[in-house]
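The values are calculated or read from the model by the stated rules, or taken from the named source; none is laboratory data. Source: prediction; values computed, not measured. Virtual Cβ from ideal backbone geometry, glycine too; neighbours counted across all protein chains shown.
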Amino acid sequence: MSQPDKTNTQPPRPAPGGAQPGASFHFDANLPLDERFDVVVAGGGPAGVAAAAAAAREGAKTLLVEASGCLGGMGTAALVPSWAPFGDGQKIIYRGLAERIFRQCRAAMPHIAADRLDWVPIDPEYLKRVYDALVQEHGVEVLFHTRLASVWRGRRGDMDGGVIMLTGKSGLSAVKAGVYIDCTGDADLAAWAGAPTGTGDGPEIKPMPATLCFMLCNVDTGAYERGPALGVNNPGSPIHAIVDSGLYPLIDDTHIIGNILAPGVVGFNAGHLYEVDGTDPATVSRGMAAGRAKAAQFRDALARFHPEAFGRAFLVETAPLMGIRDSRRVTGDYMLTADDYMKRRTFPDEIARNCYYLDVHPASPRESRGIKAFEKFQQGTFCYGPGESHGIPYRCLTPRGLRNVLVAGRCISADRAVQSSVRVMPACLATGEAAGAAAAIAADRHGGDVRAVDVAGLRARLRGHGAWLPET
């Protein structure tokens, strides 16, 4: 490969969107350019871990870049306390790497039945080690505490020949790869590279609220199990009395899920943080502070209204990472829709299956109390029956206008309604594994062109590693 252009010894100041199409990448001699990798994955959540492991498994030299100090995203740093269902009521849907990770985690929870597939609690420390071991097994190079800072598009205006800029404690650096996989959750790489994206489904639609998860310890878990279920669908849940009392003004809706993680420890996915935009650091920063205050009120409220279980409870941790449900999504070669979900549609190029229900969280406390969205979902309005699922096409992973970029996880090409279903961790693991395998094939055989990948061959590779992809 030709040497980088060093004619300009002072690097231009890169904006998040990167250089204009056709601009050269200029840098000074002190800014390193790393060209060792076939595949670079931005974001080390479940999609990113699976993508990196799958790419390396196929023989690609792979770099995984993660902004925090651990892999796993929502299930680790964000303290989401349980897996969404892995089964369709009859069998496991999310197989391959997803099933392997799930079975390892379930086996580490001795209080959980060995055949349970739905809402299995997560030990976040154990899951961190599971993810570490997986990427180490396949030889993935990982950079923690390293953030995607910018992209520099190639001469054709996309990432073909483009470079990504990273920032960490050593300063700025640049990496050039054959294929990039965006697993940032917020579609940062794809958006900055020029791919069309959307937030909500129009300017009048707000993103779903965020949640800052937390853990309470010194809980009497026996009393918790014997007492009223906390979920909003249980008329006896103390959450109704808590909200109606007005004593805890930060608890302004009835969203609450609690899972026993260990003796005396309950993890909570509770409360909503409205007007938080995952792509806007100012709103996320305000949300982090508000979430910590809300978690403290939950501890106090539960101690008052459910004293048998929570009277001596202690707020041991709030998540260091915000739980973002909805932000930017790419516009891909195909956009998955609610109609696809409702019709249980299959696709000739599907690379994963999904069976999680449509789970659109209301955008305001008024909506939450008024439309009773969660009750509707739990009663089956938007739930599949046993054995039902839909496909996720490969075309949802290919952003329009980008030749050598794939996306996986919650920012794939989907409308708002169905994104609420495919955003959960099992589906992210499945789309991540598919993206990683496809990226390795594209880098090795097609000069990085992700659309040149033989999808039938890709599906066969995924099946060979255990994926459940029925004939279409």
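Does region 156-165 contain any residue that is surrounded by fewer than 24 Cβ atoms within 10 Å (Cβ to Cβ) and free of Cβ contacts under 8 Å to residues at least 24 places away in the same chain?
So far as region 156-165 goes, yes, one or more of its residues are surrounded by fewer than 24 Cβ atoms within 10 Å (Cβ to Cβ) and free of Cβ contacts under 8 Å to residues at least 24 places away in the same chain.
I'm trying to understand the selection: among the residues of region 102-124, which are surrounded by fewer than 18 Cβ atoms within 10 Å (Cβ to Cβ) and either outside the structural domain of Ala190 (by TED's automatic domain parsing) or within 30 Å of Ala440 (Cα to Cα) (or both)?
Those that are surrounded by fewer than 18 Cβ atoms within 10 Å (Cβ to Cβ) and either outside the structural domain of Ala190 (by TED's automatic domain parsing) or within 30 Å of Ala440 (Cα to Cα) (or both): Arg103, Gln104.
For region 222-244, name all the residues that are among the hydroxyl-bearing types (Ser, Thr, Tyr) and more than 10 Å from Gly258 (Cβ to Cβ).
Filtering region 222-244 down to residues among the hydroxyl-bearing types (Ser, Thr, Tyr) leaves 224, 237.
Correct list: Ser237 only.
Identify, by number, the condition in (1) surrounded by 17 or more Cβ atoms within 10 Å (Cβ to Cβ); (2) closer than 25 Å to Ala467 by Cβ that Lys91 doesn't meet.
(1)
Suppose the filter is farther than 30 Å from Arg395 by Cβ, without any contact (Cβ under 8 Å) to a residue 24 or more places away in the chain and more than 22 Å from the chain's Cα centre (by Cα); does Asp244 pass it?
Details: farther than 30 Å from Arg395 by Cβ: yes; without any contact (Cβ under 8 Å) to a residue 24 or more places away in the chain: yes; more than 22 Å from the chain's Cα centre (by Cα): yes.
Considered against the rule, which asks whether it is farther than 30 Å from Arg395 by Cβ, without any contact (Cβ under 8 Å) to a residue 24 or more places away in the chain and more than 22 Å from the chain's Cα centre (by Cα), Asp244 comes out as yes.
With respect to Phe37, is the statement that it is assigned to a helix (DSSP H, G or I), among the aromatic types (Phe, Trp, Tyr) and crowded, with 20+ Cβ neighbours inside 10 Å true?
For Phe37, the condition - assigned to a helix (DSSP H, G or I), among the aromatic types (Phe, Trp, Tyr) and crowded, with 20+ Cβ neighbours inside 10 Å - is not met.
Go through region 437-472 and give me each residue that's on the phi > 0 side of the Ramachandran plot, surrounded by fewer than 19 Cβ atoms within 10 Å (Cβ to Cβ) and over 24 Å from the mean Cα position of the chain (by Cα). Steps first, answer last, please.
Let us first name the residues in region 437-472 that are on the phi > 0 side of the Ramachandran plot, namely 447-448, 466.
If we keep only those that are surrounded by fewer than 19 Cβ atoms within 10 Å (Cβ to Cβ) as well, we get 447, 466.
Result: Gly447, single match.
Which of the residues belonging to region 102-138 are aromatic (Phe, Trp, Tyr) and in a loop (DSSP other than H, G, I, E, B)?
Trp119, the sole residue that qualifies.
Rundown of residues vs (1) over 20 Å from Thr318 (Cβ atoms); (2) at pLDDT 95 or above, yes/no style:
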position: Leu230; (1), (2): no, no
position: Asn234; (1), (2): yes, no
position: Ile242; (1), (2): no, yes
position: Leu247; (1), (2): yes, yes
position: Asp252; (1), (2): no, no
position: Asn259; (1), (2): no, yes
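Answer yes or no as to whether Gly287 is touching a strand residue (DSSP E or B) at 6+ places or on another chain (Cβ under 8 Å), under 22 Å from Trp83 (Cα atoms) and outside the structural domain of Ser421 (by TED's automatic domain parsing).
So Gly287 does not fit the description; no.
Could you grab the pairs with beta carbons closer than 7 Å, sequence gap of 6+ or different chains, first residue in region 27-39 and among the charged types (D, E, K, R), second one modelled with pLDDT under 65?
Cβ pairs passing all conditions: Asp28/Thr9; Asp28/Gln10; Asp28/Pro11; Glu35/Met1.
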